[in-house]
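Here is the structure we will look at.
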Amino acid sequence: MVGIGKRIKMLRDEKELSLNMFVTDINTKYPDAKIDKSMISRWENEVNEPSLDKAKYLSLYYDVSLDYLIGLTDVRTPSRLLALRK
């Protein structure tokens, strides 16, 4: 099972975002997120994990399910959400 830190790092790398770029973008999109560079670094290095509130913003930002983000599944977006997008 892939840990949440590895998922966060992988998703950020896929978008080719530096820590600074990511922090600026997520906080612009979701001002209530209040995520800083040191938080992301600690999460990616698996020093600690994001709170549920912070994980929610990561999930929204990367357009993945919380289950995917925390490593419970390898399916990024549940089919029920895909159906709603049509």
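Under a GNM of the chain (C-alpha, springs under 10 Å), which listed residue has the highest mean-square fluctuation: Lys37, Lys54, Lys15? Answer for the Gaussian network model of the chain: Lys15.
Among Leu17, Leu69, Leu58, the residue with the largest mean-square fluctuation in a Gaussian network model of the chain, with springs joining Cα atoms closer than 10 Å, is Leu17. Spin-label model, Met1/Tyr30: points 7 Å from Cα along the beta carbon direction are separated by 2.2 nm. Simple point charges give the picture: +1 on the Cβ of Lys and Arg, -1 on the Cβ of Asp and Glu, and for the chain a dipole about the Cα centre of about 240 debye. Fully extending the segment from Met10 to Lys56 would add 14.9 nm, taking 0.36 nm per residue of separation and subtracting the current Cα-Cα distance. Mean silhouette area of the chain, derived from the convex hull of its C-alpha atoms and averaged over all directions, reads 5.7 nm². Using only alpha carbon pairs under 8 Å that are at least six residues apart, calculate the relative contact order of the chain and give it in whole percent. Across the chain, relative contact order equals 33 percent.
A short reminder: the numbers here are calculations on the coordinates, not readings from a lab. On a predicted model such as this, the values are computed, not experimentally measured, just so you know. Quick reminder, even Gly has a Cβ in these numbers, built from the backbone with ideal geometry, and neighbours come from all protein chains shown.
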